[in-house]
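See structure below.
The values are calculated or read from the model by the stated rules, or taken from the named source; none is laboratory data. Values in this document were obtained by computation on a predicted structure and should not be read as measured data. Note that each Cβ is placed from the backbone with ideal geometry, even for glycine, and that neighbours are counted across all protein chains shown. To get the accessible areas, we keep the full protein, side chains included, count just its heavy atoms, and leave off ligands, DNA and RNA. Shrake-Rupley method; radii C 1.70, N 1.55, O 1.52, S 1.80 Å.
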Amino acid sequence: LRAAIASFRIMRLTPPMGFCAFRRRLAGAAVAGAGTAVCSLGLTHAQIVEPPAQKKTIQEVSLLVDSKVEGDFYHWLPGYLKKLLELPGLLGAKVLQPASREADKPSVVFVLGGPGAGKGTQCAKMVDEYGYVHLSAGDLLRAEKASGSAQGKMIAEYIKEGKIVPVEVTVKLLIDAMASDGGKRFLVDGFPRNTNNLSGWHKVAGSGLHVAGGLVYDFPEEVM
């Protein structure tokens, strides 16, 4: 099974023990009545010598995540870390994350809407004006079916029997089309249609693509 490494670091500040000990000794001297001259000397010294910088303790945690739950894990992790940092002993701690590499990944925008909502028309305009590449899940399935390949015959069989083509097949066609194009920004038309489609996307695509967002064209049926 393909797996991914999720890594993060927790940094917390450790109080300067030397300076704290100095203050405790000074207070002890004053209570014991060691003399005004001694206390005065100690206070003057404390004013002109800056305390040592607080130490930073960095602890790194790496988690091995099964690819089947990788997408869900990355949604769950931030909330868990937020609660973790509220525990006693971690107050003031911070989570250090590596610089984002999302800009290096192909970016995907899902385009959704009912039949006749204008998905294709709007995608064509965004292609012209913003340089996106338009991919239609339905068009890719029909093209693969017409190709006569083994996978195309399997798709034809599903359609003939009135069954839904496995979501993994659709996602794989989309990913292959993106890799073949070599572009960086894609509009995916007509996908995902439901939560099962979205889970299939996370399972197959994993973290290799950056989902930038979604466009939903919602119109009343009488308008469409």
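Can you tell me which residue within the range 98-122, out of those that are touching a strand residue (DSSP E or B) at 6+ places or on another chain (Cβ under 6 Å) and under 18 Å from Met178 (Cα atoms), is most open to solvent (accessible area, probe 1.4 Å)?
Let us first name the residues in the range 98-122 that are touching a strand residue (DSSP E or B) at 6+ places or on another chain (Cβ under 6 Å), namely 102, 105, 107-113, 117-119.
Filter again for under 18 Å from Met178 (Cα atoms), leaving 102, 105, 107-111.
Details: Glu102: 68, Lys105: 50, Ser107: 22, Val108: 0, Val109: 18, Phe110: 15, Val111: 0 Å².
Among them, the one singled out is Glu102.
Kindly state which helices (runs of 4 or more DSSP H) lie completely within the range 139-217 and contain at least 2 residues that are touching a residue at least 24 places away in the same chain (Cβ under 8 Å). Spell out the reasoning first.
On the way: elements: 150-160, 167-181, 195-205.
Hits in the range 139-217: 167-181, 195-205.
I'd like the full set of residues that are open to solvent by less than 90 Å² (accessible area, probe 1.4 Å) and closer than 15 Å to Lys145 by Cβ, limited to the range 158-173.
At the first step, the residues of the range 158-173 found to be open to solvent by less than 90 Å² (accessible area, probe 1.4 Å) are 158-159, 162, 165-171, 173.
Within the range 158-173, Tyr158, Ile159, Gly162, Val165, Pro166, Val169, Thr170, Leu173 qualify.
State all residues of the range 123-138 that are part of a helix (DSSP H, G or I) and either of a type in the set (Val, Ile, Thr) or open to solvent by 70 Å² or more (accessible area, probe 1.4 Å) (or both); if no residue qualifies, say none.
Matches in the range 123-138: Lys125, Val127, Asp128, Glu129, Tyr130.
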